[in-house]
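The values are calculated or read from the model by the stated rules, or taken from the named source; none is laboratory data. Everything numeric in this text was worked out from a predicted model, so none of it was measured. Glycine also receives a Cβ, built like all others from the backbone with ideal geometry; neighbour counts cover every protein chain displayed.
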Amino acid sequence: MPRPKGVHIKNHIRLAILIAITLAAIVITALLPRIPQDPAYHNFADQRAFLALANFMDVASNVPFLLVGLWGLLVVHSRRTVFLADSERWPYLIFFLGVALTSLGSSYYHLHPNNARLVWDRLPMTLGFMAVVAVILTERVSRKAGVASLPLVASAGVASVAYWYATETSGHGDMRPYGLVQFGSLLIVLVILLLFRSRYTQQKWFAIALAAYVAAKLLETFDRAVYATLRIVSGHTLKHIVAAGAACCLVQMLLQRTVASPASVSSQSVRSSTTRKMKSRCYSPCFDWSIMWCRQPCRACKPRNAIVPIKASLGENDELCGEGDRSRGSVCRRSRGGCEVV
């Protein structure tokens, strides 16, 4: 999601805006009165049983979460999927793991809805919410900060559910931390999408996924109204399907994306202290999905279809070939054929 042309905000100002909005969300949440779990939440519109399963439609509609989650895990693990550094795979692995586990937790909850079972529905969802925050931080703000934040934000998500259930069982239920995890994470993602550019293409899928998630929340809110209108399916059932579709959008993004051209990537994603622009161009000796990042102009390049500009940066995903010397800029990439010098 590129910023409008002509609008240039310095990196430290963008970071200050992001931190200020995050702190404001935390403070506002803390100032809100305690929010207990509404007992009526468990009374869903469609309670029809089928094949001896209570609330069959709300249970069966969780299958897409399992399918998309497993698919996403396979795509993230594949060497064909474009990542500038292997460490960037971890937030996606946690996200799709959370999606797959949501299928199990949500099915268990909908068989007999109550607060005790709701814990197992919400725990994997918080992993998904917070993993998306780590993803967007990693790809747009700072790779090191994003990957390092993953265990912290994931722990915060789990803690929010534990806090809610502990207060609920003590008679003083408080959903504020869980609400912050769910809706605060969405706010942070939107702010980063607006302020920072990604190092990858196909970011339209992120916008589609966010729109689908908003639609899923609306379907959940109007569960009974949707069921009264359609008669065959409830809003909550459709919420499961649309939310799984949102996760599917991220799988499609990973399948289709490439590294964005250096000219379209904002300066904060390039190591300015160790890079210098080069006017020369070369042809990539690897597959079309792989973009070369060279310290010196390519000397061993062979003509291929994809032309890519050269940047003077040795990425974390690059390796040394044979007797190559990092100081001389002998850089290589992994490919199906092994290690190729560029």
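On the basis of being free of Cβ contacts under 8 Å to residues at least 12 places away in the same chain, in a helix (DSSP H, G or I) and over 23 Å from Ala24 (Cα atoms), does Arg117 make the cut?
Yes.
List the residue pairs whose Cβ atoms are under 9 Å apart, where the first residue sits in the stretch 76-94 and is at negative phi and surrounded by 14 or more Cβ atoms within 10 Å (Cβ to Cβ), the second is among the basic types (Lys, Arg) and assigned to a loop (DSSP other than H, G, I, E, B), and the two are 6 or more positions apart or on different chains. Going by the 9 Å Cβ cut-off, the qualifying pairs are Thr81/Arg257; Val82/Arg257; Leu84/Arg199.
Taken over the stretch 132-151, residues that are in contact with a Gly (Cβ under 6 Å, 6 or more places away or on another chain) and either outside any helix (DSSP H, G or I) or of a type in the set (Gly, Ala, Ser) (or both) amount to 1. Checked against the criterion of being at pLDDT 95 or above, in the same structural domain as Ala16 (by TED's automatic domain parsing) and in contact with a Lys or Arg (Cβ under 8 Å, 6 or more places away or on another chain), the candidates Tyr163, Tyr92, Tyr109 yield just one match: Tyr109. A search for C-beta distances below 9 Å between a residue of the stretch 214-225 that is over 17 Å from Leu187 (Cβ atoms) and any residue that is among the hydroxyl-bearing types (Ser, Thr, Tyr) and surrounded by 14 or more Cβ atoms within 10 Å (Cβ to Cβ), counting only pairs 6+ apart in sequence or on different chains, returns Leu219/Ser234; Leu219/Thr237; Asp223/Ser234; Asp223/Thr237; Arg224/Ser234.
Between Val242, Val259, which is modelled with pLDDT of 95 or more and either at negative phi or assigned by TED's automatic domain parsing to the domain that holds Ile136 (or both)?
Going through Val242, Val259 in turn, the sole match is Val242.
Within the stretch 202-225, the set of residues being over 23 Å from Gly179 (Cβ atoms) and of a type in the set (A, V, I, L, M, F, W, C) comprises Trp205, Ala207, Ile208.
Within the stretch 83-115, being under 15 Å from the mean Cα position of the chain (by Cα) and among the β-branched types (Val, Ile, Thr) holds for Ile94, Val99. Residues that are under 18 Å from Phe129 (Cα atoms), part of a helix (DSSP H, G or I) and either modelled with pLDDT of 95 or more or hydrophobic (A, V, I, L, M, F, W, C) (or both): does the stretch 193-200 have at least one? Yes.
Within the stretch 13-41, if we keep just the residues that are small (Gly, Ala, Ser) and exposed (fewer than 11 other Cβ atoms within 10 Å of the Cβ), the residue that is modelled with the highest pLDDT turns out to be Ala30.
Tallying residues that are touching a Ser or Thr at 6+ places or on another chain (Cβ under 7 Å) and without any contact (Cβ under 8 Å) to a residue 60 or more places away in the chain within the stretch 59-75 yields 3.
Conditions (1) free of Cβ contacts under 8 Å to residues at least 40 places away in the same chain; (2) buried (at least 22 other Cβ atoms within 10 Å of the Cβ), marked per residue:
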| site | (1), (2) |
| --- | --- |
| Glu139 | no, yes |
| Ala145 | yes, no |
| Val153 | yes, yes |
| Val158 | yes, no |
| Phe183 | yes, no |
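Take the conditions (1) surrounded by 19 or more Cβ atoms within 10 Å (Cβ to Cβ); (2) closer than 25 Å to Ile17 by Cβ; (3) among the aliphatic types (A, V, I, L, M); Leu190 misses just one of them, which is (1). Select from the stretch 42-87 the residues that are among the small types (Gly, Ala, Ser) and in a loop (DSSP other than H, G, I, E, B) and write down the one among them that is modelled with the lowest pLDDT. Out of the qualifying residues, it is Ala52.
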